[in-house]
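The values are calculated or read from the model by the stated rules, or taken from the named source; none is laboratory data. Everything numeric in this text was worked out from a predicted model, so none of it was measured. Ideal geometry is used to build each Cβ from the backbone, glycine not excepted, and the neighbour counts take in all protein chains shown. Just so you know, the surface numbers come from the protein's heavy atoms only, side chains and all, with ligands and any DNA or RNA stripped out. Shrake-Rupley method; radii C 1.70, N 1.55, O 1.52, S 1.80 Å.
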Amino acid sequence: MRVIDLLNSDRPTLSFEVFPPKTQDKFENVIHAAYEIGHLHPDFMSVTYGAGGGRSRYTVEMVDQLQNELNIPVLSHLTCVSSTRDQVKEVLEKLKEKKIENILALRGDIPEDGGVSEYQHASDLIEEIRSSGDFCIGAACYPEGHPESSDKNEDLKYLKEKVDAGVDFLTTQMFFQNDLFYRFLYRIREIGIEVPVCAGIMPVTSSRQLKRIGGMSGAFMPQNFIAMVDRFGGSADAMKQAGVQYAAQQIIDLLANGVKHIHVYTMNRPDIAAAILDNLSEIWKYEISRSTE
Ligand SMILES: Cc1cc2nc3c(=O)[nH]c(=O)nc-3n(C[C@H](O)[C@H](O)[C@H](O)COP(=O)(O)OP(=O)(O)OC[C@H]3O[C@@H](n4cnc5c(N)ncnc54)[C@H](O)[C@@H]3O)c2cc1C
């Protein structure tokens with residue numbers, strides 16, 4: 001099933017992201033965790049792609065297994081900046097062969113040595129995918145602007161170009177303050193970007209994880225979020241509970257403000273995905289019943 005058909009239906013959607021292992025010996029553990037996450041019945045799942053690294057090798061394999069085993073739509077991430085055109089075409093052929101129809105098309109991070117790429121931007125990849133088959137294509141967007149971008153208006157202009165190149169839906173970078181997302185949504189609608197947007201929520205459940213992702217994403221951390229990590233970061237259990245609550249509160253606020261599509265970065269943790277769902281159980285049921293009235 002195509003992700004865009006789910007996003008265009010009246011129902012709210014909840015999707016879970018997982019990432020593949022770096023090496024073959026970790027594959028069984030990772031796929032097992034991904035199955036557990038899939039058994040929580042998200043509307044769809046997504047599997048990341050390690051730009052040029054070992055992880056890229058296992059993305060298609062994981063997507064294929066999850067789709068067949070769980071019978072839910074799966075979105076295969078694909079990056080281009082560290083790949084040749086032939087490598088990208090090879091992956092696209094594999095996806096077609098395995099009847100995988102959903103792709104999140106990304107540029108990927110530019111390698112430290114700068115690299116030399118046949119693709120400059122995600123929009124180049126989107127054109128390549130469009131000309132290669134009948135795929136449902138998603139792309140990334142950044143409520144706080146992409147970290148490389150010094151000018152937010154310019155970033156939005158490029159986002160519009162990217163969507164116009166043939167994007168069916170967008171998924172956001174993680175954010176920890178919902179107002180930033182609401183402002184972003186307003187601004188993209190104003191410039192004519194009309195595709196559905198999935199709001200990316202990251203449950204932060206350890207202070208170590210926070211340091212890693214904070215640096216990578218450049219996401220703004222509001223004072224109440226920092227206070228939470230400062231206070232509870234010393235206890236794994238307390239931090240997990242607080243981080244899940246924070247993410248669940250963000251999701252409740254999004255739903256209360258009419259946002260229908262929530263994407264959770266699960267970090268391959270079934271316990272965390274399940275804890276988020278526990279916090280939302282009645283709310284989600286209510287949202288589904290409202291959407292079918
Ligand atoms: C939801 C989500 C999922 C992700 N999944 C993965 C993953 O699986 N694997 C992975 O390696 N990384 C992943 N990333 C990270 C992503 O690869 C990086 O953020 C990367 O730096 C940018 O990718 P992009 O597709 O957004 O690039 P682009 O859309 O190409 O944008 C990158 C930068 O280039 C600028 N730009 C775009 N078009 C032009 C143009 N025509 N001229 C000049 N400048 C331009 C933009 O303003 C922006 O600053 C993900 C990010 C998100 C938000």
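Values for this structure:
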read-out	value
Descending principal axes extents, segment 25-179, alpha-carbon based, whole Å	43, 41, 32
Other-chain or far-sequence residues with amide H under 5 Å of Ser46's (modelled H)	Phe16, Glu17, Val18, Leu75
Signed unit charges on C-beta, dipole axis of the chain, positive-most listed residue Ala273, Leu95, Gln249	Gln249
The chain, relative contact order in percent, only Cα pairs under 8 angstrom and at least six apart counted	20
Qualifying GluC sites (Glu not before Pro) in segment 129-235, DSSP loop, other Cβ atoms within 10 Å at most 16	Glu148, Glu194
Length gained when the stretch Thr23-Gln120 is fully extended (0.36 nm per residue, less Cα-Cα span)	32.1 nm
√(5λ) per eigenvalue of the Cα gyration tensor, segment 148-293, largest first, Å	27, 21, 12
For segment 170-187, 3J(HN,Hα) per residue [Karplus equation, 6.51 cos²θ - 1.76 cosθ + 1.60, θ = phi - 60°, Hz, x = Gly/Pro]	10, 10, 8, 4, 4, 9, 10, 9, 5, 3, 4, 5, 4, 5, 4, 4, 4, 5
Residue-normalised accessible area of the chain, expressed per residue, 1.4 Å probe, Å²	48
Segment 187-243: relative contact order as a whole-number percent, Cα under 8 Å and 6+ apart	44
Net lengthening on full extension, Glu36/Asn257 (0.36 nm per residue, minus Cα-Cα)	76.5 nm
For segment 145-293: relative contact order, % (alpha-carbon pairs under 8 angstrom, 6 or more apart)	25
Computed Kirkwood radius, in angstrom, where 1/r is averaged over Cα pairs of segment 201-268	12.5
Rg ratio (alpha-carbon, reference 2.2 N^0.38 Å) - the chain	0.96
Fully extended contour minus Cα-Cα distance, from Asn71 to Arg183, at 0.36 nm per residue	36.7 nm
